[in-house]
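Below is one structure, written out as structure tokens, with a few remarks after it.
The values are calculated or read from the model by the stated rules, or taken from the named source; none is laboratory data. Computed from a predicted model, the values in this text were never measured in an experiment. Heads up, the Cβs are rebuilt from the backbone with ideal geometry, glycines too, and the neighbour counts pull from every protein chain shown. When the accessible area is computed, the model is the full protein with side chains, heavy atoms only, and any ligands, DNA or RNA have been set aside. Shrake-Rupley method; radii C 1.70, N 1.55, O 1.52, S 1.80 Å.
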Amino acid sequence: QVQLVESGGGLVQAGGSLRLSCVASGSIFSITSGNAMAWYRQAPGKQRELVARIVSGGSTNYADSVKGRFTISRDNGKNTVYLQMNSLKPEDTAVYYCNLYFDWAPLTHYWGQGTQVTVSS
């Protein structure tokens, strides 16, 4: 099993910044295993959506709505993925979830418990 623990959420005014962190651990987790780590978010009454993803090699992809404002990064030595969020908007308000899957089992996804991000106008 893999455990993902997020931190860094909170309340911020529009235009502000937050940095989310997600630490991965578990008996089968190996930093040498090819994997992708990502951040998703879910706002009230909406479907969960992909915000950003980063693979082991460092390639990234972002939702159009966050391009130029959010940056995803990872520290393989710390088994941690980060999401730097700048120029936050009220529409970024959501529960943010960390996600991981291994290249050798792409249909098996692991999720964190979520962290609330609230952006006030």
Next on the checklist: I need the full set of residues from the stretch 65-93 which are assigned to a strand (DSSP E or B), in contact (Cβ under 8 Å) with a residue 40 or more places away in the chain and open to solvent by less than 40 Å² (accessible area, probe 1.4 Å), in order please.
Outcome noted: T80, V81, Y82, L83, M85
Checklist outcome for this item: A24: passes all of (1) within 17 Å of V12 (Cβ to Cβ); (2) aliphatic (A, V, I, L, M); (3) more than 11 Å from the chain's Cα centre (by Cα) but (1)
Item to check | Residue among Y62, Y96 that alone is modelled with pLDDT of 95 or more, closer than 25 Å to S121 by Cβ and open to solvent by 10 Å² or more (accessible area, probe 1.4 Å) | outcome: Y62
Checklist entry - Of all residues in the stretch 75-93, which are at pLDDT 95 or above and on the phi > 0 side of the Ramachandran plot? => result S87
Checklist entry - Within the stretch 40-52, how many residues turn out to be open to solvent by 40 Å² or more (accessible area, probe 1.4 Å), assigned to a strand (DSSP E or B) and among the charged types (D, E, K, R)? => result 1
Checklist entry - Quick one: in the stretch 99-121, which of the residues that are open to solvent by 40 Å² or more (accessible area, probe 1.4 Å) and over 23 Å from Q47 (Cα atoms) is farthest from the chain's Cα centre (by Cα)? => result W104
Checklist entry - Going by the structure shown, is A24 among the hydrophobic types (A, V, I, L, M, F, W, C), more than 19 Å from Q113 (Cβ to Cβ) and not in a loop (DSSP other than H, G, I, E, B)? => result no
Checklist entry - Which of (1) of a type outside the set (A, V, I, L, M); (2) at pLDDT 95 or above; (3) open to solvent by less than 70 Å² (accessible area, probe 1.4 Å) is the odd one out, the single condition N35 does not satisfy? => result (2)
Checklist entry - Could we say that S21 is at pLDDT 95 or above, of a type in the set (S, T, Y) and open to solvent by 50 Å² or more (accessible area, probe 1.4 Å) here? => result no
